[in-house]
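Engineer: Please read through the structure below; I'll follow up with questions.
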Amino acid sequence: MERSKKIVLIAHCILNINSKVSGLAKTNLEMKSVIRLLLEKDLGIIQLPCPELTIYGSRRWGHVKEQFATPYYRKHCREIFNPYLEQIIDYQAAGYEIIALIGVEGSPSCGVNKTCSACWQGEVTDLKPVELASLEMIAESGIFIEEIKKVLKEKEIKLPLIAIDEEKPGLTKRKIKNL
Ligand code: SF4
C-alpha cells in the first residue's frame, strides 16, 4: 500500500480521553468519529503530549486560561512541543505534508478559537458561587496553542490549526474534509 505522506498532529486527549480533568468528557463520541475519519483518509497521526497532565498530573483540578498564563507554564509548553517541532521540520524537508494540528475547543491549553476564562485564584473551597459562575468562554487560544503558534511563526511553518468542539458535533469532520 502506498503511504499517503500526509500527517496530522492531534491533541493528546483525542486519542486518550483519560488525560482530561477527571469528570470531564463523559462522552467522547465526537473524538472517536474524528479519529475514524483520519484513519479512513490514511493520514498518519501524531499524538501531541498533554501539557496539563505532564505538569499537574491526573488528579488536577479544572483550570482557566488565566491560571496557566505564566512564564513557567509557557516554557513547559514550548519544551514538550519541541520534539514534535523537529519532526514537523524533518517530515516537511522529506516531502511529507503536515495537513493540520487539531486542538480541543474550550481547553485553557489546547483551545484554538475558544478557551475558558475566569478570575480564579486561592483555595478552591473559598471560591464564591459568583466567582465560580464568572467562568466564560472567550474567543482566544489556550496557552499551549498560543505557544505553538509563536513557535510555528518563528520557524515560518504554515500549519492549519483546527479544533474539536464537543458542542458542535460534525464541525471538525467537515473542516478536515475541506483541508
Ligand atoms: S490539556 Fe489539551 S491534551 Fe490535555 S486534556 Fe486538556 S485539551 Fe486534552
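The values are calculated or read from the model by the stated rules, or taken from the named source; none is laboratory data. Everything quoted here is computed from the prediction, not taken from an experiment. Every residue, glycine among them, receives a Cβ derived from its backbone with ideal geometry; neighbour counts consider all protein chains shown. When the accessible area is computed, the model is the full protein with side chains, heavy atoms only, and any ligands, DNA or RNA have been set aside. Shrake-Rupley method; radii C 1.70, N 1.55, O 1.52, S 1.80 Å.
Engineer: Cβ-Cβ distance below 6 Å, separation of 6 or more or different chains: which pairs start in region 140-161 with a residue that is in contact (Cβ under 8 Å) with a residue 12 or more places away in the chain and end on one that is among the basic types (K, R) and open to solvent by 20 Å² or more (accessible area, probe 1.4 Å)?
Structural biologist: Qualifying pairs under 6 Å: E147/R74; E147/R78.
Engineer: Let me ask another. I need every pair where a residue in region 37-50 that is over 14 Å from I176 (Cα atoms) has its Cβ under 7 Å from the Cβ of a residue that is of a type in the set (G, A, S) and open to solvent by less than 60 Å² (accessible area, probe 1.4 Å), sequence separation at least 6 or different chains.
Structural biologist: L48/A11; C50/S19
Engineer: May I pose another question? On the basis of being more than 19 Å from V21 (Cα to Cα), in contact with a Cys (Cβ under 6 Å, 6 or more places away or on another chain) and within 16 Å of the ligand (Cβ to nearest atom), does E147 make the cut?
Structural biologist: yes
Engineer: If a residue must be under 19 Å from R60 (Cβ atoms), hydrophobic (A, V, I, L, M, F, W, C) and loosely packed, with under 14 Cβ neighbours inside 10 Å, how many such residues does region 124-138 contain?
Structural biologist: Matching residues across region 124-138 total 3.
Engineer: Can you name every residue in region 29-57 that is touching a Lys or Arg at 6+ places or on another chain (Cβ under 9 Å), over 19 Å from Y84 (Cα atoms) and within 14 Å of the ligand (Cβ to nearest atom)?
Structural biologist: Result: E30, V34.
Engineer: Could you tell me which residue of region 142-164 is farthest from H76 (Cα to Cα), considering only residues that are in contact with a Lys or Arg (Cβ under 7 Å, 6 or more places away or on another chain) and not hydrophobic (A, V, I, L, M, F, W, C)?
Structural biologist: Step by step, filter region 142-164, then rank; the result is G142.
Engineer: Check Y84, Y73 and return the single one that is surrounded by 20 or more Cβ atoms within 10 Å (Cβ to Cβ) and touching a residue at least 40 places away in the same chain (Cβ under 8 Å).
Structural biologist: Every option except Y73 fails the conditions.
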